[in-house]
1. Restricting to region 116-133, name every residue that is buried (at least 20 other Cβ atoms within 10 Å of the Cβ) and either closer than 23 Å to Phe52 by Cβ or in contact with an Asp or Glu (Cβ under 7 Å, 6 or more places away or on another chain) (or both).
2. Scanning region 319-343 for residues that are away from the ligand (no atom under 13 Å from the Cβ) and part of a helix (DSSP H, G or I), which turns out nearest to Thr275 (Cα to Cα)?
3. Which pairs have Cβ atoms under 6 Å, sit 6 or more apart or on different chains, and link a residue in region 242-266 that is closer than 17 Å to Lys223 by Cβ and within 12 Å of the ligand (Cβ to nearest atom) to one that is of a type in the set (Ser, Thr, Tyr) and part of a loop (DSSP other than H, G, I, E, B)?
4. Exactly one condition in (1) over 19 Å from Val259 (Cα atoms); (2) in contact with a strand residue (DSSP E or B) (Cβ under 6 Å, 6 or more places away or on another chain) is not met by Ala286; state its number.
5. Take the residues in region 168-202 that are over 29 Å from Ala88 (Cβ atoms) and open to solvent by less than 20 Å² (accessible area, probe 1.4 Å), then tell me which one is modelled with the lowest pLDDT.
6. Cβ contacts < 7 Å: first residue basic (Lys, Arg), restricted to region 124-138; second residue open to solvent by less than 40 Å² (accessible area, probe 1.4 Å), any location; separation 6+ or different chain. Result?
7. Checking Ile358 against (1) within 11 Å of the ligand (Cβ to nearest atom); (2) part of a helix (DSSP H, G or I): exactly one of these is not met. Which one?
8. When you scan region 26-34, do you find a residue that is of a type in the set (Lys, Arg) and open to solvent by less than 20 Å² (accessible area, probe 1.4 Å), even just one?
Amino acid sequence: MSVADAAPLAGRHIVLGLSGGIACYKAADFTRELVKAGATVQVVMTEAAEHFITATTLQALSGRAVFTNQWDARAAGSMAHIDLTREADAVVIAPASADLITKLAQGRADDLLSLMCLARPIARCPLLLAPAMNREMWAHPATQRNLAQVRADGAEVLGPGNGDQACGEVGDGRMLEPTELLADVVAFFQPKLLAGKRVLVTAGPTFEPLDPVRGITNRSSGKMGFAVARAAADAGAAVTLVAGPVALDTPRGVRRIDVGTGQQMFDAVLQHAPTQHVFVATAAVADWRAAHPAERKIKKTADRAMPHVEFAENPDILAAVARLPAATRPYCVGFAAESHDLLHQAREKRERKGVPLIVANLGPATFGRDDNVLTLVDAQGERELPRADKLTLARQLVADIAARLAALEPPTSPTIAST
Ligand code: C5P
C-alpha cells in the first residue's frame with residue numbers, strides 16, 4: 001500500500017519513448033499508470049522496440065496512434081520529429097537502451113526517437129531516461145561515459161533498479177517498475193522548495209508490549225506521516241522517516257528507520273534530530289507503556305483475577321526535540337489528533353511543547369482514511385487546509401513549512417549598485 005494523490009499528472013502531456021529491450025513489456029503498465037495519473041500520453045517507438053511489444057498494444061493503452069518513424073505523414077508538414085515535442089511537458093524514455101543513450105550522448109538522429117530528442121525545445125521540454133540493460137552493459141565504461149554526457153546535457157536518469165535480469169544474471173540495470181517510474185515522474189514536476197534541506201518525520205502508531213504477544217497501540221495508519229515524508233522528498237529534501245509498525249511502502253528516495261515502541265522512536269529521533277533542518281512529528285506515540293512487560297504470556301488464572309499492569313509515561317519526543325539547544329534544533333512541527341475541542345487543544349499543545357507550528361486534525365476523522373482536513377495553528381492564528389487526499393495536504397504543508405524556513409533565513413545582503 002502507498003500514499004497517492006488522485007490525479008498528480010492532470011494537464012500534463014508526456015511523450016513516452018520506447019527503445020529496444022525486454023523491459024518494453026513494462027512500458028504497457030507504465031502507460032496505464034501515466035494515463036491513470038491524468039496525463040495524456042503520446043507513444044513513440046523505435047523499430048527495435050517493436051520487436052518486443054506492438055504499437056497496437058500501446059495505442060490501445062494510451063488512446064493515441066503511436067509514431068514509429070520519421071517519415072510518418074500524419075504529422076503536420078510531415079515533421080513528426082518537430083511537432084511531437086512542442087506541446088509536451090516532458091519526454092520520458094522507458095526503456096532507454098544502451099544504444100539509445102549512446103545516440104543521445106552523441107547527438108545522433110537516425111530514427112524518429114533520437115531525432116525528436118535532438119529537435120525538442122531543450123529549455124522547456126525536459127528529458128527523463130529510464131535505463132534498462134544487462135548489468136555488464138550498464139557497468140561498461142562506455143555506457144557510464146555516455147550517461148555522464150546525457151546528464152551533463154540536462155537529462156534526468158531514473159534508476160536503474162537492481163535485481164534479477166531477464167538474461168538470468170543479477171545486478172544493476174533493471175528498469176524501474178512502472179509504479180516507481182510514475183512516482184519519479186510525479187516527483188520531477190514538484191517545485192524543489194526544500195532543496196538542500198534535511199527533514200526528519202515520525203509516522204504511524206507505536207506498539208508498547210504488555211507481554212510477548214500483546215500490547216497497547218492505536219488506530220494511526222501512518223498515511224499522513226508517509227505522505228509528509230514523500231512530499232518533502234519530492235520537494236528536494238533528504239528525508240529520514242522513523243516509522244512505527246505500519247503496512248506502507250517506503251516513499252521513493254526516503255531513508256526509513258522502523259521502530260516498535262515509543263522509547264525506540266525517541267532514541268532514533270534524538271540520534272538524528274540535531275543534524276536536521278525540520279522535524280515533523282506525525283506519529284501517534286502511545287502516552288503510556290507497561291512499566292514491566294511480562295516475560296511470558298499473561299494467562300487467565302483459576303480465580304479469574306484481573307492482571308495488574310503498572311503504567312509508565314513515554315518520553316515526549318517532540319517536546320524533547322523542541323528543547324534541543326538552538327544551534328542543533330530543527331524547525332519543529334507537531335500534530336494534534338483530538339476527538340473534541342480541536343483548536344483549543346492544539347493551541348494549548350503548541351505552547352506546552354514549545355513548537356512554532358501545530359497541525360490539528362480530528363483523530364476519528366483521519367485515522368486510516370485517505371483524506372483529511374488540517375488546520376495549521378501558529379502564534380499568529382489558524383489557517384485551514386480544506387479536505388483533500390493526504391498527499392495533496394502534505395504538499396501544501398511542505399510548501400507552508402518551506403515558506404516559514406525562508407522567512408527565518410537571514411536576508412541576503414543587498415547588492416549595492418555601482419554608479
Ligand atoms: O501530547 P500529544 O500526544 O497529544 O501530542 C501530539 C504531538 O506530539 C504529535 O506531533 C506527536 O507526534 C508528538 N508526540 C511525541 N511524543 C510523544 C507523544 C506525542 O513526539 N510521546
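1. Listed by number, the residues that qualify are Met116, Cys117, Leu127, Leu128, Leu129, Ala130, Pro131, Ala132, Met133.
2. For region 319-343, the residue satisfying everything is Thr328.
3. Pairs that qualify, where the first residue is closer than 17 Å to Lys223 by Cβ and within 12 Å of the ligand (Cβ to nearest atom) and the partner is of a type in the set (Ser, Thr, Tyr) and part of a loop (DSSP other than H, G, I, E, B), are Gly244/Thr206.
4. (1)
5. Of everything passing the filter in region 168-202, Gly171 is modelled with the lowest pLDDT.
6. Sorted first by the residue in region 124-138, then by its partner, the pairs are Arg135/Gln165; Arg135/Gly171; Arg135/Gly173.
7. (2)
8. Yes.
The values are calculated or read from the model by the stated rules, or taken from the named source; none is laboratory data. Just so you know, these numbers come straight off a predicted model, no measurement behind them. Using ideal geometry, Cβ is built from the backbone for each residue, glycine included, and neighbour counts are taken over all protein chains shown. To get the accessible areas, we keep the full protein, side chains included, count just its heavy atoms, and leave off ligands, DNA and RNA. Shrake-Rupley method; radii C 1.70, N 1.55, O 1.52, S 1.80 Å.
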